[in-house]
1. Take the residues in segment 89-122 that are under 13 Å from the mean Cα position of the chain (by Cα) and loosely packed, with under 13 Cβ neighbours inside 10 Å, then tell me which one is farthest from residue 58 (Cα to Cα).
2. Which of (1) modelled with pLDDT of 80 or more; (2) open to solvent by 80 Å² or more (accessible area, probe 1.4 Å) does residue 78 not meet, given it meets every other one?
3. Hey, could you check segment 56-75 for residues that are open to solvent by 80 Å² or more (accessible area, probe 1.4 Å) and β-branched (Val, Ile, Thr) and say which is modelled with the lowest pLDDT?
4. Scan segment 1-57 for residues that are within 15 Å of residue 89 (Cα to Cα) and among the polar types (S, T, N, Q) and report the count.
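The values are calculated or read from the model by the stated rules, or taken from the named source; none is laboratory data. Predicted, not measured: the structure shown is a model, and the values here were computed from it. Ideal geometry is used to build each Cβ from the backbone, glycine not excepted, and the neighbour counts take in all protein chains shown. Just the protein is used for accessible areas: all its heavy atoms, side chains included, with ligands, DNA and RNA removed. Shrake-Rupley method; radii C 1.70, N 1.55, O 1.52, S 1.80 Å.
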Amino acid sequence: MKQRGFSLIMGIFLIAVLGGIAVFIGRVSTMQHQSSALDEEGAMAYQAARAGIEWGVYQAVINSSCVVAPPAFTLILTVPTTPLSTINYSVAVTCAETATTEGSAAIRVYQITSTANNAAGGNFAVERRLTSTISICLANCA
């Protein structure tokens, strides 16, 4: 009895298996690139939010008040991602001011919240929110 066509079936099987492996490797590579890009976007959003916190702290320390009208100050930062394109991160900074006393010391407490997002300007919508609380002694500080 002659066995005919066995090598053809084996060849088709090998082509299908190798094609499946190639598709799998392509998908894993794409996921790794997306994960890396998302990590970079998150780092840029964090730094933009941190810049908003630093602006709020500066306003509290230098101006003795970080409450502005309207209550939220919006800061627009441009973070270049490549020499040819930019992604705009908008940073909303809000500040709550509370006056209190501790013993005979007059203290002002500021709670500053900074929210940065790229409004889906890149491949991914990313948002980071940071909150910082600072206190400044105004009188009778020992």
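1. If we take residues in segment 89-122 being under 13 Å from the mean Cα position of the chain (by Cα) and loosely packed, with under 13 Cβ neighbours inside 10 Å, then 120 is farthest from residue 58 (Cα to Cα).
2. (1)
3. 74
4. Here the count works out to 1.
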